[in-house]
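Novice: Below is a structure I'd like to ask you about.
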Amino acid sequence: MNTDLSARLLRLYTGAVADILDELGLRNQCLPAAIRPLESKMKVAGPVFTIRGRAIPPGERPDPRLRQMDMLDAIFNGSVIVIEPGDDSSAAHWGELMSNTALQKGATGCVINGGLRDSGQILELGFPVFRVFHSPLTAAVRFEITDFDAPIRIGGVDITPGDYILGDIDGVLILPAAMAEKVITMTEEVCRKESIVREELKKGGNIRELFDKYGVF
């Protein structure tokens, strides 16, 4: 994991990164708009740790919490957990004890295309979480993890271990591993120019002239 890359990405914002992804022809990198931060100032940035699951099929099954523990053991330092619960929308797929464990393992946040519970405790913990809905219902009798640290797809966006993720109040983006450093470097340059333009506008600068000079708007 490139910790410097994660730190640089965290300083950026999704709007600027999305523009660069568009410029590079990567126009299907935004996760569904329904995935929102638990608190508006929360941000996540870093390499993904992927989880995929499904509703528990009928019949006798092993306790799904054992698989959850295997998953938690595999979380790596600096990762952002990304969960695709598949066909299950009946329960919370993440909660406070999992957040505590993930934080202990060095994870920096979690993005769930599904449900969350224990929200008050997670807010107190300060662990950044993005989710679609809330539910008090446990996953223990409703949902099981099928695999983790493997390729997944969320809302038509392919996500592969090694990819990077950036999430803020405007949305969540996936940066393909091979392009992540280039995207970040290009976005940093755009943000540098935006800062100049912003200061010039405060001094009464003309947006057309500034656009001609710096190419940002």
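No lab work stands behind these numbers, since they all come straight from the coordinates. Predicted model only: the values in this text are computed from it and were never measured. Virtual Cβ from ideal backbone geometry, glycine too; neighbours counted across all protein chains shown.
Novice: Pairs K43/K213; K43/K202; K182/K213: which are spaced more than 30 Å apart, C-alpha to C-alpha?
Specialist: K43/K213
Novice: To the nearest 10 degrees, how steeply does helix 14-23 sit against the main Cα axis of the chain, on a 0 to 90 scale?
Specialist: Rounded to the nearest ten degrees, it is 70.
Novice: Further, regarding this structure: More than 22 Å apart: what percent of Cα pairs in the range 1-115 qualify? The partial results should precede the final answer.
Specialist: Values: 2660 of 6555 pairs.
Tail of P(r) above 22 Å: 41 percent of Cα pairs.
Novice: Using all C-alpha to C-alpha distances in the range 85-196, build P(r) with 5 Å bins and read off the rounded percent in each one.
Specialist: Result, from short to long distances: 2, 10, 17, 20, 20, 14, 8, 6, 2, 1, 0 percent.
Novice: OK, next. Using only Cα atoms, find the angle between the long axis of helix 96-105 and the longest principal axis of the chain, and express it within 0 to 90 degrees, rounded to the nearest 10.
Specialist: The two axes meet at around 70 degrees.
Novice: So if each residue of separation counts as 0.36 nm, and I subtract the Cα-Cα distance between D4 and D70, what length gain in nm does that give?
Specialist: 20.9 nm
Novice: Would you mind working out the magnitude of the charge dipole of the range 64-135 relative to its Cα centre, with +1 at each Lys and Arg C-beta and -1 at each Asp and Glu C-beta, to the nearest 20 Debye?
Specialist: On the way: 5 positive and 8 negative charges, 16 e Å.
Using only the charged Cβ atoms, the result is roughly 80 debye.
Novice: Residue by residue, what Karplus-based ³J(HN,Hα) values in Hz, rounded to whole numbers, does the range 148-163 have, using 6.51, -1.76 and 1.60 with θ = phi - 60° and x for Gly and Pro?
Specialist: Working through the residues one at a time gives 8, 6, 9, x, 9, 9, 10, x, x, 9, 7, 10, 10, x, x, 5 Hz.
Novice: A further question on this structure: For the chain, state what percent of all Cα-Cα pairs lands in each successive 5 Å bin, counting from 0 Å until the bin that includes the largest distance.
Specialist: That works out to 1, 7, 15, 18, 18, 14, 9, 7, 4, 3, 2, 1, 0, 0, 0, in percent per bin.
Novice: I'd like the distance between the alpha-carbon centres of the range 1-62 and the range 154-202, rounded to an integer number of Å.
Specialist: Each part reduced to its Cα centre gives a spacing of 11 Å.
Novice: At 4 °C and 1.567 mPa s, what whole-number value in µm²/s does Stokes-Einstein give for the translational diffusion of the range 132-198, with Rh from the Kirkwood sum over Cα pairs?
Specialist: 85 µm²/s
Novice: Still on this structure: How far is helix 180-202 tilted off the main Cα axis of the chain, in degrees rounded to 10, range 0 to 90?
Specialist: The angle comes out near 50 degrees.
Novice: Same structure, new question: Please figure out what share of the DSSP beta bridges in the chain is antiparallel and state it in percent, rounded to the nearest 5.
Specialist: 60 percent
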